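The values are calculated or read from the model by the stated rules, or taken from the named source; none is laboratory data. The structure displayed is predicted, hence computed values, not measured ones. No Cβ is skipped: glycine too gets one built from the backbone with ideal geometry, and neighbour counts run over all protein chains shown.
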Amino acid sequence: MTGLADLEDIGVDARRGGFSRHGYDLAELELRAWFTAEAQARGLAVECDRNGNLWAWWGAPGDGAVVTGSHLDSVPGGGAFDGPLGVVSALAAVDVLRGRGFTPGKPFAVVVFAEEEGGRFGVACLGSRLLAGAIEPAAALRLSDPDGVTLAEAMRSAGLDPARVGRDPEALKRIGTFVELHVEQGRGLVDLGVPVGVASSILAHGRWRVTVSGEGNHAGATLMVDRRDPMVAAAQVVLAVRRSALAVEGARATVGRLVPNPGGTNVIPSSVDLWLDARADDDARTRAVVAEIAAAAESAAAEEGCVVTMTEESYGDTVVFDPVLRDSLAGVLGGVPALPTGAGHDAGILAAHVPTAMLFVRNPTGISHAPAEFAEDADCAAGVTALADVLESLAR
Ligand code: GLV
Ligand code: MN
Ligand code: MN
């Protein structure tokens with residue numbers, strides 16, 4: 001798709017495949033510069049808010065705006081569409097609306113939220129969470145990447161002032177309605193045979209850091225019976241994650257990152273960190289899965305002579321998108337289907353504060369957070385037209 005093609009050389013991850021673009025790293029800064037130039041070329045006035053989110057205003061900024069956009073960062077080794085499709089489509093929708101001779105009757109902005117995936121600092125939707133006051137600024141600024149660089153340091157290097165980070169009621173007041181277009185991350189639209197749909201809900205979901213501590217020692221000199229090996233306990237935790245999620249209908253739980261410390265082939269680790277991502281239909285089910293995993297982790301650690309700690313790093317309850325807005329946008333689009341999603345979004349954070357909706361574009365592979373994520377050009381074009389239609393109806 002035009003626009004996305006401009007980005008295909010930025011943040012290419014030759015080792016993992018796909019793209020690695022994380023909050024305030026070189027690739028993400030390059031993408032932010034690309035967005036700023038594209039918006040300015042359209043005569044939009046670009047500003048960066050206190051929390052690192054970019055806003056491009058069509059006309060004068062003001063309260064109660066119609067806002068659309070998404071994010072430009074990715075997961076490690078992610079696909080080309082998750083995030084950028086929503087940003088590129090937002091700019092393309094402005095072009096379509098102008099081509100129709102339309103001028104917004106109220107303030108109108110395209111937004112790019114910072115560090116949506118949490119791929120660098122661990123907490124997803126960091127920019128929107130900070131803006132909405134859904135995370136303590138001091139706690140956020142202390143978050144650090146795998147190299148030990150804190151969010152505060154990364155923001156400072158990007159020319160932002162960490163002292164200004166935190167709940168931004170002025171920015172929130174400026175959003176009258178938020179619409180995020182996103183590639184679908186499952187097979188809902190493929191199975192229905194339609195290119196575009198609207199979102200109905202997002203699963204409750206959170207992230208937990210699990211640290212198993214044992215005794216670092218020599219891989220050759222330490223008898224099997226003498227070991228307190230945290231990797232063995234961690235392996236039991238991984239199995240418990242799958243078992244516990246399978247026991248609760250609709251639940252999903254994942255260990256996508258596991259780090260042995262110090263991490264040497266001939267070293268029994270002294271500790272292992274792993275991160276649990278758990279999701280389910282509601283709070284009770286999600287909490288039940290996590291409680292089951294915590295109990296299994298305790299007993300696996302005890303059996304191995306290890307100690308385990310489990311810390312919640314972020315959590316969000318089920319989001320049900322504004323049903324009136326959802327139905328009205330589906331109506332504007334001729335009655336497109338409404339689909340739930342298991343993926344988190346900035347729209348999910350904002351939904352607690354302002355009327356919020358999402359449009360999904362069909363993904364023929366059904367795969368996301370991986371290089372095989374895809375959308376056909378024709379479906380992307382249908383997404384842009386749909387976005388322009390709903391924005392026109394909202395901003396008239
Ligand atoms: C973000 O895409 C998430 O669902 O974690
Ligand atoms: Mn994602
Ligand atoms: Mn996304």
>> Tell me yes or no: at least one residue of the stretch 322-331 is within 16 Å of ligand 2 (Cβ to nearest atom) and without any contact (Cβ under 8 Å) to a residue 60 or more places away in the chain.
In response: no
> Taking the stretch 289-325, which residues are in a strand (DSSP E or B) and not polar (S, T, N, Q)?
Replying inline: Val307, Val308, Met310, Glu312, Glu313, Tyr315, Gly316, Val319, Val320
> Does Leu276 satisfy the criteria of being surrounded by 20 or more Cβ atoms within 10 Å (Cβ to Cβ) and outside the structural domain of Thr211 (by TED's automatic domain parsing)?
Replying inline: no
> Could you say which residue among Ala93, Ala134 is crowded, with 24+ Cβ neighbours inside 10 Å and more than 14 Å from ligand 3 (Cβ to nearest atom)?
Replying inline: Ala93
>> Filter the stretch 348-396 down to the residues that are of a type in the set (A, V, I, L, M), buried (at least 17 other Cβ atoms within 10 Å of the Cβ) and more than 21 Å from Cys125 (Cβ to Cβ) and list them by number.
In response: Ala375, Ala381, Ala382, Val384, Ala386, Ala388, Val390, Leu391, Leu394, Ala395
>> I'd like to check something: does the stretch 333-354 contain any residue that is over 20 Å from Glu116 (Cβ atoms), among the charged types (D, E, K, R) and in the same structural domain as Asp63 (by TED's automatic domain parsing)?
In response: no
>> Suppose the filter is within 16 Å of ligand 3 (Cβ to nearest atom), out of contact with any Pro (no Cβ under 6 Å at 6 or more places or on another chain), basic (Lys, Arg) and farther than 25 Å from Leu387 by Cβ; does Arg164 pass it?
In response: no
>> For the stretch 21-69, give me the residue count where each residue is over 18 Å from Phe121 (Cβ atoms) and either assigned to a helix (DSSP H, G or I) or outside the structural domain of Arg164 (by TED's automatic domain parsing) (or both).
In response: 10
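Quick grid of which residues meet (1) free of Cβ contacts under 8 Å to residues at least 60 places away in the same chain; (2) within 15 Å of ligand 3 (Cβ to nearest atom); (3) more than 16 Å from the chain's Cα centre (by Cα); (4) within 26 Å of Val354 (Cβ to Cβ):
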| site | (1), (2), (3), (4) |
| --- | --- |
| Glu30 | yes, no, yes, no |
| Glu38 | yes, no, yes, yes |
| Arg42 | yes, no, yes, yes |
| Glu47 | yes, no, yes, yes |
| Ala60 | yes, no, yes, yes |
| Ala65 | no, no, yes, yes |
| Pro76 | no, yes, no, no |
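Okay, residues lined up against (1) on the phi < 0 side of the Ramachandran plot; (2) more than 16 Å from ligand 2 (Cβ to nearest atom):
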residue: Phe81; (1), (2): yes, no
residue: Phe102; (1), (2): yes, yes
residue: Pro107; (1), (2): yes, yes
residue: Val112; (1), (2): yes, no
residue: Gly133; (1), (2): no, yes
residue: Val179; (1), (2): yes, yes
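Here is a yes/no grid of residues against (1) under 23 Å from Cys380 (Cβ atoms); (2) within 16 Å of ligand 1 (Cβ to nearest atom); (3) touching a helix residue (DSSP H, G or I) at 6+ places or on another chain (Cβ under 6 Å):
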site	(1), (2), (3)
Tyr24	no, no, yes
Leu29	no, no, no
Asn51	no, no, yes
Gly59	no, no, no
Asp82	yes, yes, no
Gly86	yes, yes, no
Gly99	yes, no, no
Phe108	yes, no, yes
>> Kindly evaluate Ala154 against the criterion of being touching a Phe, Trp or Tyr at 6+ places or on another chain (Cβ under 6 Å), in the same structural domain as Pro84 (by TED's automatic domain parsing) and part of a strand (DSSP E or B).
In response: no
> Looking at Gly220, is it part of a loop (DSSP other than H, G, I, E, B) and buried (at least 16 other Cβ atoms within 10 Å of the Cβ)?
Replying inline: no
>> If I ask for residues that are closer than 23 Å to Leu4 by Cα and either in contact with a Ser or Thr (Cβ under 8 Å, 6 or more places away or on another chain) or within 16 Å of ligand 3 (Cβ to nearest atom) (or both), which ones from the stretch 167-187 would you list?
In response: Phe178, Val179, Glu180, Leu181, His182, Val183, Glu184, Gln185, Gly186
> Do we find a residue being free of Cβ contacts under 8 Å to residues at least 24 places away in the same chain, closer than 30 Å to Phe178 by Cβ and not assigned by TED's automatic domain parsing to the domain that holds Gly193 anywhere in the stretch 233-252?
Replying inline: no
> If only one of Arg142, Arg156 is of a type in the set (D, E, K, R), in contact with a strand residue (DSSP E or B) (Cβ under 8 Å, 6 or more places away or on another chain) and over 21 Å from Ser70 (Cα atoms), which one is it?
Replying inline: Arg142
